[in-house]
1. Quickly run through region 55-80 and pick out the residues that are exposed (fewer than 15 other Cβ atoms within 10 Å of the Cβ) and either hydrophobic (A, V, I, L, M, F, W, C) or in contact with a Phe, Trp or Tyr (Cβ under 6 Å, 6 or more places away or on another chain) (or both).
2. Can you tell me which residues in region 231-260 are of a type in the set (A, V, I, L, M, F, W, C) and within 14 Å of V10 (Cα to Cα)?
3. Give me the residue from region 167-215 that is of a type outside the set (A, V, I, L, M, F, W, C), touching a Leu at 6+ places or on another chain (Cβ under 9 Å) and assigned to a loop (DSSP other than H, G, I, E, B) and, out of that set, nearest to the ligand (Cβ to nearest atom).
4. Read through the list (1) surrounded by 15 or more Cβ atoms within 10 Å (Cβ to Cβ); (2) under 21 Å from A11 (Cβ atoms); (3) at pLDDT below 95, then give the number of the only condition that F52 fails.
5. Among (1) within 30 Å of E158 (Cβ to Cβ); (2) modelled with pLDDT of 95 or more, which single condition is L94 missing?
6. Which ones in region 26-45 are surrounded by 14 or more Cβ atoms within 10 Å (Cβ to Cβ) and in contact with a Ser or Thr (Cβ under 9 Å, 6 or more places away or on another chain)?
7. Which one of V10, V106, V90 is touching a Phe, Trp or Tyr at 6+ places or on another chain (Cβ under 6 Å) and not in a helix (DSSP H, G or I)?
Amino acid sequence: MTDRTDNIIVAGRSGAGKQPRIDVLVKELGLTQLSTGNIFREFVGAFDSSGFKDDIGVFFDPVKGAFVPDRVIEAALRKALPGTKEMRPVVLGLKAKYFMNRGLFVPDSITNELFCEYFSRGSYRGQVLDGYPRTPEQAFFLLDLCRKQGTRLDLVVEVENDDELIVERTMGRRICKACGKVYHVKFKPSKDGKSCDKCGSPLIQRSDDTEERIRTRLREYYDKVVPALELLRENGVPMVKVPGNVEPFTEENVRRSVMDALAPYLK
Ligand SMILES: [Zn+2]
C-alpha cells in the first residue's frame, strides 16, 4: 500500500466481529464496503421485481451443466419484459435464482459472475471485500480478475475470535422484529428481556442463530475459506490478524487495534 489502497479483504468466521472492523477501514481509508449479501439481494431482487413468470429452467442446459449464452437469455427476457431498461442485473438474478429455487448452493462460477459485475461498478478498486472470496475457486478468480484489470489486493485482514465465544455470542443474539436493533441476552439485554427498548416490538432469535447452524458455518470456514485465504497468501497477498475482542469494546479501541495491525502496510 504505497501510494494508495486498491482493495482490502476482510475475512473472519461468522460472528467474529467483522463489521466494526470494516467500519474502521471504510472511515479511515475511504473505502467502500462490498458485501456478497448485498450482491445477491440486488440481483435476485432485480429478477423478482422484473415480473418474469415463465419457467427459468429452460435456460439451463443439464447436459452441459451450464446456462445457454447470455444473449439468448437476454433476448427471451427482452421479449417478455419490453419495459425493462437494465437487463444485465435481471439475467444475473435469474442465474442465481435457478439454483436457489431448487434448494442448491449457487455454484462458484455464478457467484463469480455476480461479484464481477458488482466489483466492476467501482472500477475494481477502493473496496473492502466482505464475504468474498469464500472458496479457493473464488480466490483464484479474484486474483485473475485483479491481474487483468490492473488493480491490487493489498491485504487480507482476518478478524480472529474464539470459536466457543462466537457460539455463545451468536446464540444469545436477539433482534427486534420491527426496527432491527440487536441485543444479547447476556452482554446487552433489553430492559425487560423480551421487547425492544427503542420501539417496544418483540425480540426474536434469527433462525440462522441456532447452535447447529453456527457450528456448520464454523466448519465451512475452516474447510473452504481458510484454503481460499491460503491461496491468496501464496500469490503474494499479505495477511494480518486483528483481534475480534477488545476490552473494553469502544469505537476508539477497535479503531486502534485495526490501525496498529495495518501500520506496517500503510507506509
Ligand atoms: Zn425495535
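1. V58, V63, A66, V68, V72, A75, A80
2. Step one: of region 231-260, the residues of a type in the set (A, V, I, L, M, F, W, C) are 231-232, 237, 239-240, 242, 246, 249, 254, 258-259.
Hits for region 231-260 are L232, V237, M239, V240, V242, V258, M259.
3. Residues of region 167-215 that are of a type outside the set (A, V, I, L, M, F, W, C), as a first pass: 168-170, 172-174, 177, 180-181, 183-184, 186, 188-195, 197-198, 200-202, 205-213, 215.
From what's left, touching a Leu at 6+ places or on another chain (Cβ under 9 Å): 174, 177, 181, 183, 190, 193-195.
Within this subset, residues satisfying the condition of being assigned to a loop (DSSP other than H, G, I, E, B) are 177, 181, 190, 193-194.
Values: K177: 7, K181: 5, S190: 9, G193: 14, K194: 12 Å.
The selected residue is K181.
4. In the conditions (1) surrounded by 15 or more Cβ atoms within 10 Å (Cβ to Cβ); (2) under 21 Å from A11 (Cβ atoms); (3) at pLDDT below 95, F52 misses (2) alone.
5. (1)
6. Result: V26, L29, L31, T36, I39, F40.
7. Values: V10 fails: touching a Phe, Trp or Tyr at 6+ places or on another chain (Cβ under 6 Å); V90 fails: not in a helix (DSSP H, G or I).
Unique residue meeting the criteria: V106.
Residues checked against (1) of a type outside the set (A, V, I, L, M, F, W, C); (2) part of a loop (DSSP other than H, G, I, E, B); (3) more than 22 Å from L153 (Cβ to Cβ):
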residue	(1), (2), (3)
T5	yes, yes, no
R21	yes, no, no
Q33	yes, no, no
R41	yes, no, yes
G51	yes, yes, yes
R71	yes, no, yes
E74	yes, no, yes
K79	yes, no, yes
P82	yes, yes, yes
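The values are calculated or read from the model by the stated rules, or taken from the named source; none is laboratory data. Bear in mind the structure is a predicted one, so any value in this text is a computation, not a measurement. So basically every Cβ, Gly included, is an ideal-geometry build from the backbone, and we count neighbours across all protein chains shown.
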